[in-house]
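Here is the structure we will look at, set down as structure tokens.
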Amino acid sequence: MAAVKLLTASDIARLVKEVGLPRFVDGLIERMEETFRRWKELKVVPRVSFSYPWGMMEAMPASDSKLYAVKIVNGHPGNPARNLLTVAALGILADAETGYPLMVADATLLTAFRTGAACAVATKHLARRDSRVLGIIGTGAQSEFLCYAVSRVVPIEEVVFYDIDPLAMRKFEENARSLGLRARAAGSGREVAERADVLITATAVKGKRKVVERGWLKPGAHVNAVGGDAPGKTELDPQILLEAKVVVELLEQALVEGEVQNVGRGAVYAELWEIVSGLKPGRVSESELTVFDSVGVAVEDWAALTYLYGLASERGAGLDVDLLPSPLHPKNLFALLRR
Ligand code: NAD
């Protein structure tokens, strides 16, 4: 009988609590960095996206020689008005040798964790080491995960934040404090950008917007641009991209979905794996502007799902269910209907 591990969001939350949040996040950042280093050994493809009037649906497969993962995920900016998350996801991990699924898991929490971990890896290689002020514009569902992960790799003393929704700001302040982060509300996105050594943009704006303008950034700032992740949906003033050292996850996907869709491939310095592997230098001066133009790639979910599966198996988390048929004879599948 080939049991499949079923992990709900509550199972994952419980597992994180058991492991301890700092250890869980540090371990994931480490796994993410190692995965980017192994980039050339992995099967890497851009995701398949369908667009609707309400948002996007995406299927994201990635694999090494042993484990295959696929995530389905959405991006529906109007969902919070219906009391639903903007981003919800489901992940499947399978054994590449037999093709049999090993785990079916909520990947909503995991998406937030893995995006934070990817930003942390980029920040580690691109931000100034003495970055003290973290700024975030857009304090929705992803925000605490992003800030916490980044705070694990640079010595953040203060988080300055802004959202057009006062409720989202209040919620962020409370959660950030519970994470031990000193949070200070700003009156505008501009104020955040002007103060930040490391800036995160995580709004769910629709259309091509300038949530951040070039003139607002400090010399030597690093930007993790997270919210611009679909065709026609961007957050940065294109001038920032023309002047900064821009790093993407996967060029082919970034050119369609990322900030760089507005400026083209000439503005892209490197893919993140090239920096992590030491093929190209990350930051080389205190004053250069750097941007991680993140859209989210399947390899990051592969890293997160394999990490989760390892921890869940070790600690007996989740429910092992007989999800798939196991007929007495593999050619007699029909026998299941005759029982
Ligand atoms: P969310 O809807 O929960 O939060 C978005 C927040 O942005 C809301 O609180 C909203 O009020 C705020 N906002 C909108 N316009 C703003 C503006 N001009 N200035 C300040 N705040 C503004 O969404 P979420 O789940 O937190 O996701 C945030 C964004 O990140 C989405 O666009 C999502 O598609 C994207 N995302 C990217 C990745 C990635 O890997 N790059 C992963 C997950 C989510």
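Quick notes
- Label separation (residue 45 vs residue 129): 4.2 nm, computed from points 7 Å beyond Cα along the C-beta direction.
- Here, region 30-119 has an Rg and a Dmax of 14.5, 44 Å when only alpha carbons are counted.
- Listed peptides 195-205, 52-62, 318-328 by packing density, highest first (mean Cβ within 10 Å): 195-205, 52-62, 318-328
- Each 10 Å bin, from zero up to the one with the longest distance, holds this percent of the alpha carbon pairs of the chain: 6, 26, 34, 22, 7, 3, 1, 0.
- Square roots of 5 times each gyration tensor eigenvalue, C-alpha, region 26-81, largest first, Å: 28, 15, 8
- Computed from the Cα positions only, the extents of region 88-222 along the three principal axes stand at 54, 34, 33 Å, in decreasing order.
- DSSP beta bridge pairing in the chain, given as percent antiparallel to the nearest 5: 50
- Using the average count of surrounding beta-carbon atoms within 10 Å as a protection proxy, the listed peptides 123-129, 333-339 rank, highest first, as 123-129, 333-339.
- The average projected area of region 217-339, computed from the convex hull of its Cα atoms over all directions, is 13.1 nm².
- For region 2-9, 3J(HN,Hα) computed residue by residue from phi via the Karplus equation (6.51, -1.76, 1.60; θ = phi - 60°) reads 9, 6, 10, 7, 9, 10, 7, 4 Hz, glycine and proline entered as x.
- Evaluated over region 8-162, the Cα radius of gyration and Dmax, each in Å: 16.7, 49
- Nearest-10 value in Å² for the accessible area of residue 18, using the 1.4 Å probe: 110
The values are calculated or read from the model by the stated rules, or taken from the named source; none is laboratory data. Note that the coordinates shown come from a computational prediction; the quantities given were computed from them, not determined experimentally. Don't worry about glycine lacking a Cβ; one is built from the backbone with ideal geometry, like all the others, and counts go over all protein chains shown. We work out accessible area using only protein heavy atoms, side chains counted, and drop any ligands, DNA or RNA first. Shrake-Rupley method; radii C 1.70, N 1.55, O 1.52, S 1.80 Å.
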